[in-house]
Amino acid sequence: MTLDTVRVPAVAYIVPLLDDGRVVLIRQYRPIVGAEIWELPAGDDRGGESPEACARRELVEEAGYDAGRLDPLGEALADPGLTDERIFLFVARDLRPVSRELDADEQIEVAPATLAEAYRMADAGDILDAGTLVALYRFRGRAGG
């Protein structure tokens, strides 16, 4: 049997919580789907870094925050019928604003929202990114609401 397999680095998704309880969402243009989509800060392992180091780097790069505390929310598989991609999930707290370090091809708007609004967006289908959905639902399950 021959299987088509896409091998990709692991990714880290971060649920960044501001001191006032809002979550930091981003709106990012994704050329592959030709649209701006709502996401949590996330990114792939750039070669040998730990999932936590990846999460910390991506939070700074995309959202402009450094986390005083980064707690794991577990992991997920992106699409085990096609790819070996692992998604590592984190919640970031005690955030401190820092300068963003966007990649040259990134177009990202930072848009904090209440958790209730983020959950409403996810439930309504306004958030389509699978990693973001998994992270939000995992956090909601652990937070009890």
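The values are calculated or read from the model by the stated rules, or taken from the named source; none is laboratory data. A quick note: this is a predicted structure, and the numbers were derived from the prediction, not measured. Note: ideal-geometry Cβ built from the backbone for every residue, glycine included; neighbour counts use all protein chains shown. Surface accessibility is based on the protein's heavy atoms, side chains included, excluding ligands, DNA and RNA. Shrake-Rupley method; radii C 1.70, N 1.55, O 1.52, S 1.80 Å.
How long is the gain from A104 to I32 if the chain were fully straight, where each residue apart is worth 0.36 nm and the alpha carbon distance is subtracted? Could the numbers behind the result be given before it?
On the way: separation 72, 0.36 × 72 = 25.92 nm, distance 1.64 nm.
Separation in residues times 0.36 nm, less the Cα-Cα distance, equals 24.3 nm.
Calculated accessible area for the chain comes out at 53 Å² per residue, all protein chains present (probe 1.4 Å; ligands, DNA, RNA ignored). Distances between placed amide hydrogens fall under 5 Å for I127 paired with A122, all partners being 5 or more residues away or on another chain.
In a DSSP loop and with at most 13 other Cβ atoms within 10 Å, the trypsin sites (Lys or Arg not before Pro) in the range 1-44 are R7. Qualifying GluC sites (Glu not before Pro) in the range 94-145, where qualification requires a DSSP coil assignment and no more than 16 other C-beta atoms within 10 Å, comprise E101, E106. Between the alpha-carbon centres of the range 114-145 and the range 58-84 there is a gap of 14 Å. If you wrap the chain in the convex hull of its Cα atoms and look at it from every side, the mean projected area works out to 9.5 nm². Note on the range 94-133: Kirkwood radius taken over Cα pairs, Stokes-Einstein applied at 25 °C and 0.890 mPa s, translational D equal to 197 µm² s⁻¹. In terms of the Cα gyration tensor, with a ≥ b ≥ c the square roots of its eigenvalues, is the range 29-87 rounded because a/c is under 1.5, prolate because a/b exceeds b/c, or oblate? Oblate is the answer for the range 29-87, as a/c is 1.5 or above yet b/c matches or exceeds a/b. Geometric descriptor of the range 60-145, per residue, is 131 Å³ (volume of the convex hull of the Cα atoms). Taken along the Cα-to-beta-carbon direction at a fixed 7 Å, the label points for A53 and D84 span 2.0 nm. Taking all Cα pairs closer than 8 Å and separated by 6 or more residues, the relative contact order of the range 1-143 comes to 32 percent. Every helix of 4 or more DSSP H residues in the chain counts as -39500 (n - 2.57), and over all residues that averages to -6500 deg cm²/dmol at 222 nm. Across all directions, the average flat footprint of the convex hull enclosing the Cα atoms of the range 1-62 is 6.3 nm².
Among the protein heavy atoms of the chain, carbon and sulfur supply 51% of the accessible surface, probe 1.4 Å, non-protein parts ignored.
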